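Since the structure comes first, as structure tokens, the remarks are kept for the end.
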Amino acid sequence: MGGDRPWDPKGKKLEEPSNNTNTAAVILRLFGMQDKPKEWIGEVPESIFE
């Protein structure tokens with residue numbers, strides 16, 4: 001089913017689980033910021049940047 005939507009690239013899968021709590025951490029990473037607030041529990045699923 002991959003490739004039918006622009007956010008679902010064909011042949012790519014997340015290697016680790018992810019959920020909405022990771023969204024803010026991913027956005028920080030996209031903008032090149034290294035530090036996140038200690039209160040945030042989200043983590044960046046690294047496989048999306050490979």
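All of the numbers you see were taken from the coordinates with simple rules; none came from a lab. Keep in mind that this is a model prediction, so the values were computed, not measured. Counting neighbours? That spans all protein chains shown, and the Cβs are built from the backbone with ideal geometry, glycine included.
Karplus-based coupling profile of segment 19-36, in residue order and whole Hz: 8, 5, 5, 8, 4, 4, 5, 5, 5, 4, 5, 4, 8, x, 7, 8, 9, 10, with θ = phi - 60° in 6.51 cos²θ - 1.76 cosθ + 1.60 and x standing for Gly or Pro. Computed 3J(HN,Hα) for segment 37-50, one whole-Hz value per residue from the Karplus formula 6.51 cos²θ - 1.76 cosθ + 1.60 where θ = phi - 60°, is x, 5, 6, 6, 9, x, 10, 7, x, 4, 5, 6, 9, 8, glycine and proline marked x. The modelled label-to-label distance between residue 29 and residue 15, using points 7 Å beyond Cα along the C-beta direction, is 1.1 nm.
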